[in-house]
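Below is one structure. I have some questions about it.
The values are calculated or read from the model by the stated rules, or taken from the named source; none is laboratory data. It should be emphasised that the depicted structure is a prediction, and the values quoted were computed from it without experimental measurement. Counting neighbours? That spans all protein chains shown, and the Cβs are built from the backbone with ideal geometry, glycine included.
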């Protein structure tokens, strides 16, 4: 253990910790911006600087390791002045359209300004290149980029895709694909993790809200919405619920209030996916055992981001993927075939909206394979954040809504569908199905070791 003093408080901390971590563990908050715990420790913004006695300059606390006897001041006059100047310099090269920005009131840069007590911006000058680059899934607005490089770490070190990097040097530095290529032309998987870690509005999902409003307001369209299982929990965070709290009933009610004609559950198609994938796996195994051609192991095809990653990075392994569509496109195809026939509506007059936690779904629905009889299986994809924006725009008080159910029959599901969202859930559901098809019995879990 290392003994040190922070703001006059003597503490002991593990020798592997940084100043920022040691301070946090002892109830001392050091303002920061580019730092992301466990993911990104780069020190580029310098907002987290502290004064260390004996050091010539202020130290970036997110990357400076603690040492024995270190005496640290996190809130001295010198530190506060430096942070304010650093913040104002960031603002001098930042778009100030906060009122119309999607991240307004959920922006880390905005919140940091409140924390630091910023009331004016004294610096004006040349601006970096203001590039606006949109793909079907993700939009880059470089007028708002603060060069924190969180997205670079997420793309390269976490996701292993590597299409975002710092291009050029100095004042001309921008974060983006090599050779200034548009994001829609490179091997981006559209996983959206860059949009999750971005502290400002520089990276965001490409907006589909107006398309959906137009469909809802079109009297000639029957607008059907389906919801992924993750959304019934994630949407609650947008309205002040605890992280992980399920708000399924209020979610279904809010969708009806928005004007959707039918409210279905993607879990219905998750069950269909399991039946299809389980049967396909069984067929492949049978072919392998009887000497026929079979590509094993078989890998699920539920995630469009995963599919795109395989296509770009491991094209020789594509045959290992299941031939099944993802659950939401499968349900879209059902709505425009089985359900359209049941309610006697022309499939061309049905508009299917999927509410998904994944930005890659936006690109998936544009693929040529995701059509039947010339009709797109799904017409628009909204993220959880986009749905929350629509609910607020419509003046709906989410917390006061009375719970209601999804519509049947395409709102029903089993426990197999419910475990899709957890690690190993799809495989477990497929194995359960295969076991039951082969033996005619449910998989016995007591004493089972997998």
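Can you find, within the range 99-118, the residue that is nearest to residue 46 (Cα to Cα) among those that are surrounded by 15 or more Cβ atoms within 10 Å (Cβ to Cβ) and under 22 Å from the mean Cα position of the chain (by Cα)?
Restricting to residues being surrounded by 15 or more Cβ atoms within 10 Å (Cβ to Cβ) and under 22 Å from the mean Cα position of the chain (by Cα), the top hit is 109.
Exactly one condition in (1) within 26 Å of residue 112 (Cβ to Cβ); (2) outside any helix (DSSP H, G or I); (3) without any contact (Cβ under 8 Å) to a residue 60 or more places away in the chain is false for residue 146; which is it?
Checking residue 146 against (1) within 26 Å of residue 112 (Cβ to Cβ); (2) outside any helix (DSSP H, G or I); (3) without any contact (Cβ under 8 Å) to a residue 60 or more places away in the chain, the one that fails is (3).
I'd like to know if the range 162-174 contains one or more residues that are crowded, with 22+ Cβ neighbours inside 10 Å, at pLDDT 95 or above and in a loop (DSSP other than H, G, I, E, B).
Initial filter on the range 162-174 (crowded, with 22+ Cβ neighbours inside 10 Å): 164.
Now restrict to residues that are at pLDDT 95 or above: 164.
Filter again for in a loop (DSSP other than H, G, I, E, B), leaving 164.
Within the range 162-174 (the criterion being crowded, with 22+ Cβ neighbours inside 10 Å, at pLDDT 95 or above and in a loop (DSSP other than H, G, I, E, B)), the answer is yes, since at least one residue qualifies.
From the list 27, 69, 38, 43, which one is closer than 25 Å to residue 1 by Cα, in contact (Cβ under 8 Å) with a residue 60 or more places away in the chain and outside any helix (DSSP H, G or I)?
Numbers: 27 fails: in contact (Cβ under 8 Å) with a residue 60 or more places away in the chain; 38 fails: in contact (Cβ under 8 Å) with a residue 60 or more places away in the chain; 43 fails: in contact (Cβ under 8 Å) with a residue 60 or more places away in the chain.
Of the residues listed, the single one that is closer than 25 Å to residue 1 by Cα, in contact (Cβ under 8 Å) with a residue 60 or more places away in the chain and outside any helix (DSSP H, G or I) is 69.
Go through (1) exposed (fewer than 13 other Cβ atoms within 10 Å of the Cβ); (2) out of contact with any helix residue (DSSP H, G or I) (no Cβ under 6 Å at 6 or more places or on another chain); (3) at pLDDT 95 or above; (4) in a loop (DSSP other than H, G, I, E, B) for residue 403 and report which single condition fails.
(2)
Going by the conditions given, is residue 220 within 16 Å of residue 378 (Cα to Cα) and surrounded by fewer than 19 Cβ atoms within 10 Å (Cβ to Cβ)? Give the steps one after another, and end with the answer.
Values: within 16 Å of residue 378 (Cα to Cα): no; surrounded by fewer than 19 Cβ atoms within 10 Å (Cβ to Cβ): yes.
So residue 220 fails the test.
Also: Name, by its number, the condition in (1) under 26 Å from residue 325 (Cβ atoms); (2) surrounded by fewer than 22 Cβ atoms within 10 Å (Cβ to Cβ) that does not hold for residue 241.
(1) is the only condition that residue 241 fails.
Of the conditions (1) in contact with a strand residue (DSSP E or B) (Cβ under 6 Å, 6 or more places away or on another chain); (2) surrounded by fewer than 20 Cβ atoms within 10 Å (Cβ to Cβ); (3) not assigned by TED's automatic domain parsing to the domain that holds residue 156, residue 263 fails just one. Which one is it?
Failed condition: (2).
Would you mind listing the helices (runs of 4 or more DSSP H) fully within the range 269-352 where at least 3 residues are in contact (Cβ under 8 Å) with a residue 60 or more places away in the chain and out of contact with any helix residue (DSSP H, G or I) (no Cβ under 8 Å at 6 or more places or on another chain)?
Values: elements: 304-313, 327-334, 340-343.
In the range 269-352, 304-313 are the helices (runs of 4 or more DSSP H) which contain 3 or more residues that are in contact (Cβ under 8 Å) with a residue 60 or more places away in the chain and out of contact with any helix residue (DSSP H, G or I) (no Cβ under 8 Å at 6 or more places or on another chain).
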